[in-house]
Amino acid sequence: MPIPHRDAAGPAPRPSRARPWLPGVIAAGLVAALLGAGAVLAQPDLSPRALEPEELDAATVQRAAARFELDTIVYEVLTETGIPGAVVAVALAGEVVAAEAYGTADVSTGRTLTLDDPLWLASVTKTVTAIAVLDLVAAGALDLATPLEQLLAPGLVPPPPPGDATPLTTWHLLTHTSGFDERLLNTADVRGGPNPPLAELPLPPRVDPAGSGPRYGNAGHHALGLVLEAVTGEGAERALERLVFEPLDLASGRLLRPADPDYDAATARGHERDAGGALQPLWPPTVLEPTAGQLRLSGRDAAELLAALTAADPPGPLGNDVRTALITPAARPHPLAAGTTLGMTEGWLLGHEAVLQAGDLPGLHTLLAIVPSAALGIFVHVNGGERFDVAWSTADGLLDARWLLAERLLERFLGDARTQPVAVSATRLPDEARAAAGSYRPNRVARTGPEAFLTLTGLAQLPLEIRRDGSLVVRTPELASPARRYLPTEAGVYVRDHGGDALAVPRDALERPLVHGVLGMPVTLEPVPPLERIPVVLGCLLAAALAAIIALLSWPVGALRHWRSRQPRGSAPGGALRLLRVTARLQAVATVLWFVVMVRAIGEVQRTLALDLTAWWPWAAWSLAAIVVLSLVLVLVGAFFTLAGGGAGFGTRMRPRAAFHLLLGAAGLALALQAWVWRLPPWS
């Protein structure tokens, strides 16, 4: 094998092995290294960091702990209840301790809920309206004792009930003691159209003297909107902007709808669950008393409002006089029962005395609560869709996700202040303070006896039981809370068996027992007259349905008998009686349909206390209208031919049939009248 040649300069060169790609690899590596270093430098440091000494103040530590615990509390509640989204805020002594939005604003699009999304605050609007009115009072532009007739145009203020000479004032409106008929029916446009002028919705009749109550409702704060417009000379929305939104820098505040397309599109939607348990988005109706229930505000601005309400030196329109009026008791139905302030209501949260304002629209629920003794405020908004197929409830027994959130937030900051009441024998209570068993209803449903019977509002009942130990048990609707038990105490009131809220039982002017308590808001229960009891209504409906079924069965039975008798065609009844039979049978179909509607309505009323049929059965209004028209036409035709046939020589055999159809027609007319009264405007 030949030896390679070596010259003097050194070893012979190796065979060439060129690597043209190597410089590119080296360059790419250098670029990647530089980019990686830049990316590392650009990323936030997510590792735990010890606070610097100047950061270790108590307020910072408290905020950090509150934010962490807030997340834990809210996520647990969202998981338990199944609600798609929530906004919560906590303020302490004028400072927002924590505020955050969680979950989804609209399940149909998957849009995330943020603190900047406008929220429908429903009846929390009442508090903002009250702030504007009280600001006018503080500025000397309005006197709470001025009769309403001197503030509003002639004819706007309904006359007082017979025998009442007490002037109706703004103070009565703020405290829900105006005596208005608060039926709360048909005061919303379910199509969600634009708001008409406030004056186009007349104020309802006054059924109680001014100063009686309180009877919580919307009419008083609708009247406050009219007062705002009369005193300021501008629209209600502009008055709220100038008096509340602008001074407190609440830029997201809107009262009337529509606002603008972008604002409306960003507003968080409510939700409900369908029969299969799936979440469905809702769009709230237009509240025709907007100053009572249609404010929109972002979660961020709601937190700022909460901070202003709890500040030691409240800003702008919440000067001390105004804020003091909002949190100080003003009207109570009983010295030891919860009542109202000038703009809010009283209540308890885990045994802590609080001033509250709750708000509800379809699929949307809000709560604003202040514990004055601790300068603590809590704001909670949930967009509905709670699950009821799993066991969950508040410590107070409510099936309401916003109250569950509020309780857990309050427990985190102030603890549970409930104490076991010391029960006494009920015989030691004064006679006028003892409860009486029976069926009760919220007295804000102030229909007359016949109207209440025909419209089924008497079915919104809460049975009260007196047990052998003297305790009082209130049977609430199953979708509100379990049965609530109260013990008689030395104070002369009944206190919840595990502490917290209380019931006072005075007598009215007719010596009937009334029950004052809190079921989410202050409520007064009154005995239900016997003719409005469920058995009477069900008996009437059942009798009408049986008559209708008999009429329907007579059709095939009559046809079979006619066929078996092989009677000649000429022996058939005359045309008038045949038309009468067809009329009665069509009437019977309408009666059966109406019976189905009423049975479902009764069940829904007993479960939820909802009195508006269209709220749970969207096409019920159309079906009722069709039944009304059909019933009226058929009853008139049937009655005419029955009466005409009775005197036209039908003979002895025909008279019982004619009498039967006459009775069936009368039953149909009664049902038609019932449907007609149900669809009456609320204050007709």
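Each value in this text was obtained by applying a stated rule to the coordinates, not by laboratory testing. This is a predicted model, so every value here is computed, not measured. Counting neighbours? That spans all protein chains shown, and the Cβs are built from the backbone with ideal geometry, glycine included.
Think of each Lys and Arg Cβ as +1 and each Asp and Glu Cβ as -1; about the Cα centre, that makes the dipole of the range 210-258 roughly 240 debye.
Dipole size of the range 119-206 about its Cα centre, with +1 on Lys/Arg Cβ and -1 on Asp/Glu Cβ: approximately 200 debye, rounded to the nearest 20.
Counting other Cβ atoms within 10 Å as a rough exposure proxy, the listed residues GLU234, GLU289 run GLU234, GLU289 from fewest neighbours to most. Amide H contacts under 5 Å for LEU288: ALA188, ASP189, restricted to partners 5 or more places along the chain or on a different chain, H placed in the peptide plane at 1.01 Å from N. Considering only the other residues whose Cβ falls under 12 Å of the Cβ of PRO247, what net charge follows from Lys and Arg at +1 and Asp and Glu at -1? It works out to a net charge of -4. With neighbours defined as other Cβ atoms within 10 Å of a residue's Cβ, the residues ASP360, ASP313, ASP301 order from fewest to most as ASP313, ASP360, ASP301. Pairwise alpha-carbon distances in the range 275-426 exceed 18 Å for 66% of all pairs. Within the range 170-258, the ratio Rg/Rh, alpha carbon atoms throughout and Rh by Kirkwood, equals 1.00.
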